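Where a number appears in this text, it was derived from the coordinates with a stated rule and is not lab data. Remember, it's a predicted structure, so these values are computed and weren't measured experimentally. Neighbour counts run over all protein chains shown; Cβ positions are idealised from the backbone, glycine included.
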Amino acid sequence: MDRLLLLLPTRTYRTEAFLDAARTLRVEIVCASERPNVLEERAPDTLLTLDFADPDGAAALVTEFHRTRPIRAVVGVDDLTATVAAAIAARLGLRGNPVSAASAARNKREMRERLAGAGVPIPRFAVVGLDEVPAVVARRTAYPCVLKPLALSASRGVIRADSVREFIAAFRRIAAILKEAGSSGEAARFLLVEVFVPGAEVALEGLLVGGFLHTLALFDKPDPLDGPFFEETIYVTPSRLAGDVQARIAAVTANACRALGLAEGPIHAELRVSGDGPCVLEVAARSIGGLCSRALRFGTGMSLEELILRHALDWELDSLERERRPAGVMMIPIPRAGKLEAVHGKEAAEAVPGIEEVALTAHLGQELQPLPEGWQYLGFIFARADTPEAVEGALRAAHARLAFEIS
């Protein structure tokens, strides 16, 4: 039986989906996390503790493990572990991305510099030191603009500014977020300032095989993402954009992957579509976050995680075609900070025609923090219907039936 190493941070939503896929494929799984598991001593063949902040050190430990328990593939499930997975794959000669490519995809500064150098359309940007005087930087900045941390994900710390006053407030707020997040190195010393690009935002889910990008799904984001914060809510596929626009989005994303040096495995790209065409915001060397992958099915019902594991193992991929029926997901936003006391309306929300599931991931008593400081959601709503419009309508109707008591 093939053995596969899964890199699973303790705070990820993705554990259950990948473990379910491994069980379906009957693959032996070794789970690695950054914190010791209480059962690790009893199950040394299936549990590892790795320092995800030290890719070389993690690769060295896995190499020792590999000598007696050979690993056929390694998969990281998020931005942090993608670089570690690349380092392990390079050390063991497994299928994966170059370490430099995975690292560049995680660092917004390096990503922008590589994409700009290759002529990939991106927002005009500048890198600003957190030791600079924010008022001085603000006066030389064009507006509207967006300030971003170099390494945080899920739109955490991303803030739009339309004036000098708003710039200074956003600058100081992001500095506090980085300190609270324990950021280190370059990510703790700099932030990105880029021109705000108006237009519709989309997300492309893809799989790179031998450097060729296969588009698995293109999601519309029907809610306007104009700031001041950029909390994502609804994703619907297939896209309602014109066919030639969709083709251009796929081509621009493929060019971005080549510019970064990504060649194998899942990618999740975010783009804006303005009057000048698609503009790349992010390309991540991992699959879609949260529980959102439940909206996707392939071939005869295969999950996205099964596709990812099959590719990593170099198994045959029967079909990369997404099922034809429109589908979507809504990430339920946190409306305000506080403790979650109660949830009402779940059954009523699930009774809306087209709704498949309402998955509440926040637990009662949990302290909630909305964007831009926070990074989590209250849960996820999933829908399928005959048209993208019906999917979007079902998601909005279901969300309207939910009520959250936050003290």
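Here the calculated FRET efficiency for ALA242 and ARG325, from their Cβ-Cβ distance with R0 = 30 Å, stands at 0.90, rounded to the nearest 0.05. Principal axis extents of the Cα atoms in the stretch 3-99, from largest to smallest and rounded to whole angstrom, are 28, 27, 25. Here TRP375, TRP315 are placed in order of increasing Cβ neighbour count within 10 Å, fewest first, which gives TRP315, TRP375. In this label model, GLU357 and SER184 are separated by 3.6 nm, measuring between points 7 Å along each Cα→Cβ vector. Histogrammed with a bin width of 10 Å, the alpha carbon distances of the stretch 120-178 distribute as 22, 59, 18, 1 percent, first bin at zero. Extending 7 Å from Cα along the Cβ direction at GLU16 and again at ARG69 yields two label points whose distance is 2.5 nm.
Scaling the Cα radius of gyration of the stretch 163-315 by the globular reference 2.2 N^0.38 Å produces a ratio of 1.16. Estimate the FRET efficiency between GLU350 and TRP315 by the formula 1/(1 + (r/R0)^6), using the beta-carbon distance for r and 35 Å for R0, to the nearest 0.05. Between GLU350 and TRP315 the formula returns 0.50.
Taking amide H as placed 1.01 Å from N in the peptide plane, ASN107 has no amide H partner under 5 Å among residues 5 or more places away or on another chain. Going by neighbour counts of Cβ atoms within 10 Å, the residues CYS257, CYS279 line up, fewest first, as CYS279, CYS257.
Please work out the Cα center distance from the stretch 124-200 to the stretch 340-381, rounded to the nearest Å. Distance between centres, Cα-based: 29 Å. Couplings for the stretch 137-153, taken from phi via the Karplus curve 6.51 cos²θ - 1.76 cosθ + 1.60 with θ = phi - 60°, read 5, 4, 6, 9, 9, 8, 10, x, 9, 10, 9, 9, x, 6, 10, 6, 10 Hz in order; Gly and Pro are left as x. Computed on the stretch 264-407, the Cα convex hull volume stands at 151 Å³ per residue. A full extension of the chain between SER100 and ARG173 corresponds to an added length of 23.3 nm, given 0.36 nm per residue minus the alpha carbon distance.
Ordered by the number of other Cβ atoms lying within 10 Å of each residue's own Cβ, fewest first, MET302, MET330, MET111 fall into the sequence MET302, MET111, MET330. Basic side chains Lys and Arg get +1 at the Cβ, acidic Asp and Glu get -1 at the Cβ, and with that the dipole of the chain about its Cα centre reaches some 660 debye. Put simply, the Cα atoms of the stretch 46-139 extend 60, 30, 17 Å along their principal axes, the longest span coming first. Set the Förster distance to 41 Å, then compute FRET efficiency between GLU405 and THR24 from the Cβ-Cβ distance, nearest 0.05. For R0 = 41 Å, the calculated efficiency reads 0.60.
Placing pseudo-labels 7 Å out from each Cα toward the beta carbon at THR49 and GLU389 gives an inter-label distance of 5.7 nm.
Rg and Dmax over the alpha-carbon atoms of the stretch 65-205 stand at 17.9, 60 Å.
For the stretch 325-407, the equivalent ellipsoid built from the Cα gyration tensor has semi-axes of 25, 13, 9 Å, listed from largest to smallest.
Kirkwood hydrodynamic radius of the stretch 233-346, from the reciprocal of the average inverse Cα-Cα distance over all distinct pairs: 16.6 Å. Restricting the calculation to Cα atoms, the chain shows an Rg/Rh of 0.95 when the hydrodynamic-style radius is the Kirkwood one.
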